[in-house]
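Colleague: Here it is, the structure, as structure tokens.
The values are calculated or read from the model by the stated rules, or taken from the named source; none is laboratory data. Everything quoted here is computed from the prediction, not taken from an experiment. Because the Cβ atoms are built from the backbone with ideal geometry, glycine has one as well, and the counts that use them run over all protein chains shown. In case anyone asks, the SASA skips ligands and DNA or RNA and just uses the protein heavy atoms, side chains included. Shrake-Rupley method; radii C 1.70, N 1.55, O 1.52, S 1.80 Å.
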Amino acid sequence: MNLKNGFFVTGTDTDIGKTIVSAVLVNKFKANYWKPIQCGENKNNLSDSAVVKKLTIGSSRKIFKESYYFSESISPNLAAKRNKIKISIEIMMNDFKNFEKPVIVEGAGGVLVPINNKEFMIDLINAIKLPIILVTKTSLGTINHTLLTINVLNTQNQIIYGIVFVGDEDPEVEKTILRFSRKIKKNIKNLGRIPIIKKINRINIDKLERFLNF
């Protein structure tokens, strides 16, 4: 596959595996990476950008600076309010226009996460105009969350390139999601399933590439 401008990686929830999937895509397509809005850090006090940089170290890929960085692990609109900052899609788009492509853009939370008093993450997705890769889990609750997300993306006429599953193998759940998602929007691809791994490092990230179907 010849990747032109990149992908926008979104998920059905927070902590769903978007950053790991993004790192795999950065390696796979020799792409750059950008997290427009960062809220909080992981247990090792690393941002998502720092995690992707660590997992793709030694490459020529560029990790672009976040437009907004908040230390609190809360919704972007609430984090911005606490810090007396207004998140602006215009500012993020000005950053995005200057980035070298292709770039993997990782959203914060799901598509209906508020980013300010009026706009959602889906509004940023609409502005960026990259094909969507939807990251979802295979465990309980995923069918409803995934189909709701696809429905929102469909109402906004978004190009959904495909779905990446994260978690233990559950063929029936995956088949159900794909069958019903195609009732909402045709031609959604199953891009594969990434298993949960205990140790996340550069070597294992490279190995995860084989689980994706592009």
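Colleague: Take K199 and tell me if it is more than 19 Å from T56 (Cα to Cα) and not hydroxyl-bearing (S, T, Y).
Modeller: Against the criterion (more than 19 Å from T56 (Cα to Cα) and not hydroxyl-bearing (S, T, Y)), K199 does not qualify.
Colleague: So, one more: Just to check your reading of the model, which residue among N98, N126 is over 19 Å from the mean Cα position of the chain (by Cα) and surrounded by fewer than 19 Cβ atoms within 10 Å (Cβ to Cβ)?
Modeller: N98
Colleague: Hey, can you tell me all the residues within segment 115-147 that are over 22 Å from S22 (Cβ atoms) and either in a strand (DSSP E or B) or without any contact (Cβ under 8 Å) to a residue 24 or more places away in the chain (or both)?
Modeller: Answer for segment 115-147, where residues must be over 22 Å from S22 (Cβ atoms) and either in a strand (DSSP E or B) or without any contact (Cβ under 8 Å) to a residue 24 or more places away in the chain (or both): K118, L140, G141, N144.
Colleague: If only one of I203, I197 is open to solvent by less than 60 Å² (accessible area, probe 1.4 Å) and modelled with pLDDT under 95, which one is it?
Modeller: On inspection, the qualifying residue turns out to be I197.
Colleague: Among V111, V105, which is the only one that is open to solvent by less than 40 Å² (accessible area, probe 1.4 Å) and part of a loop (DSSP other than H, G, I, E, B)?
Modeller: Unique residue meeting the criteria: V111.
Colleague: Just checking, how many residues over segment 1-32 are assigned to a strand (DSSP E or B) and either under 9 Å from the mean Cα position of the chain (by Cα) or within 18 Å of S47 (Cβ to Cβ) (or both)?
Modeller: So the answer is 6.
Colleague: K28 - would you say it is open to solvent by 50 Å² or more (accessible area, probe 1.4 Å) and either touching a residue at least 40 places away in the same chain (Cβ under 8 Å) or within 22 Å of I205 (Cα to Cα) (or both)?
Modeller: Yes.
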